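Engineer: I'd like to ask you about the structure that follows.
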Amino acid sequence: MTSALQNIVKEAYALFAPYTIGKTLDVCKACCITDAEEQELVSTPLRSISSDLFFRAYYESARRYSARELREMKHFLPRVLELVSDYDFPTYAVELTFLRLDLDKPTAWTGPELELLAAFATAYFWQSLAQYPLLGGDSLDSILVMFGIAHFDLAPLLSAWAASDCLPSLLHLKSMLLYWVEPGPNASAQFTNPFATPPVGEAIIIWLQDANVNRAFSQRLESWLVEGSLPSEADASELSLAYEILRRIRLA
């Protein structure tokens, strides 16, 4: 975890401290969560809750979409941010991690809370851009979708990616292009990650098609292919394929 993320997590514990929980939670105990699991979660100190316990006793529950549910989510949020910072996710799919925040309803959040979440997303994305592969084997495009479908602003994250010229960021790019970008006729393309909503997929494709972004990435890829010292021949081959995909989807 970078020092920037450490500071944000520390601030989160202070900012969300007023959100407390009782002896029970607003979770589904008809078929999702057992009484024992609920009690294990509420009795465990916040900073000691594991991702496995969150998954079993909280994230497996059907949603209530109540004010109480959101308040309880805010109580747990600092620990969730701390776990995510180390790529230890409390859900079965990375992309689903922040859906319970309901950020499409911003009036349920204070200004400082929203600012902290935005700062976390940006700092976390910068941390992720600098390492390939990510700890645990998850992909950067999954992280991007995680924030996108949870209604975080993707613009700062996409700008960070476009500004990063390190090799790990390009390896993340080629992985996304090879696995989740399907070129079509006339420079069209589709983003095929199954968790991405249409607005998120469209935003990513529009960004990749942008002439300035596309050319900048193409130039970096070309530079590494011609002059760089790549980890393996497989990386060189895949970067070459990524270069061709960028060329095919570039808008004039």
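Engineer: Which one is surrounded by the fewest Cβ atoms within 10 Å (Cβ to Cβ) among residues in region 213-227 that are of a type outside the set (D, E, K, R) and in contact (Cβ under 8 Å) with a residue 24 or more places away in the chain?
Structural biologist: Among those residues, the one meeting the criterion is A216.
Engineer: What about S142, is it among the hydroxyl-bearing types (S, T, Y), touching a residue at least 12 places away in the same chain (Cβ under 8 Å), outside the structural domain of I245 (by TED's automatic domain parsing) and surrounded by 14 or more Cβ atoms within 10 Å (Cβ to Cβ)?
Structural biologist: Yes; evaluated as a whole, the condition is true for this residue.
Engineer: Conditions first: (1) within 19 Å of A4 (Cβ to Cβ); (2) at pLDDT below 95. G136 passes all but one, so which condition is the exception?
Structural biologist: (1)
Engineer: Among the residues of region 48-55, are any of a type outside the set (F, W, Y), modelled with pLDDT of 95 or more, surrounded by 12 or more Cβ atoms within 10 Å (Cβ to Cβ) and more than 26 Å from K10 (Cβ to Cβ)? Steps first, answer last, please.
Structural biologist: Restricting attention to region 48-55, the residues satisfying the condition of being of a type outside the set (F, W, Y) are 48-53.
Next cut, modelled with pLDDT of 95 or more only: 48-53.
Filter once more, keeping what is surrounded by 12 or more Cβ atoms within 10 Å (Cβ to Cβ): 49-51, 53.
Add one more test, that the residue is more than 26 Å from K10 (Cβ to Cβ), and what stays is none.
No, region 48-55 has no match at all.
Engineer: Before we move on, is E72 assigned to a helix (DSSP H, G or I) and either farther than 28 Å from L154 by Cβ or of a type in the set (F, W, Y) (or both)?
Structural biologist: Here the answer is no, as E72 does not meet what is asked.
Engineer: What is the one condition in (1) touching a Phe, Trp or Tyr at 6+ places or on another chain (Cβ under 7 Å); (2) within 24 Å of A160 (Cα to Cα); (3) not in a loop (DSSP other than H, G, I, E, B) that L134 does not satisfy?
Structural biologist: In the conditions (1) touching a Phe, Trp or Tyr at 6+ places or on another chain (Cβ under 7 Å); (2) within 24 Å of A160 (Cα to Cα); (3) not in a loop (DSSP other than H, G, I, E, B), L134 misses (3) alone.
The values are calculated or read from the model by the stated rules, or taken from the named source; none is laboratory data. None of the values given here were measured: they were computed from a predicted structure. Heads up, the Cβs are rebuilt from the backbone with ideal geometry, glycines too, and the neighbour counts pull from every protein chain shown.
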